[in-house]
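Just so you know, all these numbers are worked out from the coordinates, no wet-lab data involved. For clarity, every value in this text was computed on a predicted model and none was experimentally measured. Heads up, the Cβs are rebuilt from the backbone with ideal geometry, glycines too, and the neighbour counts pull from every protein chain shown.
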């Protein structure tokens, strides 16, 4: 290799290294941006744990609304970051939660137990609650 070939080879190497460095800097900016987005508060429920609720139904509705709001925020993030599959998944979960809540409200509205039945469906049921709920649903089905 003569001096001319070495100089050309050295210039090519320098050019390639500059391209690689530029790409790494661009990726570092992207990573920093993603870190900032991830560090945002995950749940708005955490901000309001100190509230003293007068009515249990208000607390349950508030918690439900916070879950839905969190899902919407996650969808917005996914759309902004071209994560459409994740956005669809989150929207499906939120739609299922809303459907389940509405179903429980409809059952409670038509039962003799009223809101107590709806409240019991939104919690992890105890054996007594299950028996009461089954009896109420059985009465509804017989109507």
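List of remarks:
- Residue within the range 93-102 that is surrounded by 16 or more Cβ atoms within 10 Å (Cβ to Cβ), closer than 19 Å to residue 58 by Cα and touching a residue at least 12 places away in the same chain (Cβ under 8 Å) present: yes
- Considering residues of the range 76-90 that are in contact with a helix residue (DSSP H, G or I) (Cβ under 9 Å, 6 or more places away or on another chain) and within 17 Å of residue 30 (Cβ to Cβ) only, the residue surrounded by the most Cβ atoms within 10 Å (Cβ to Cβ): 78
- Among residues of the range 46-92, those that are part of a helix (DSSP H, G or I) and closer than 20 Å to residue 34 by Cα, counted: 16
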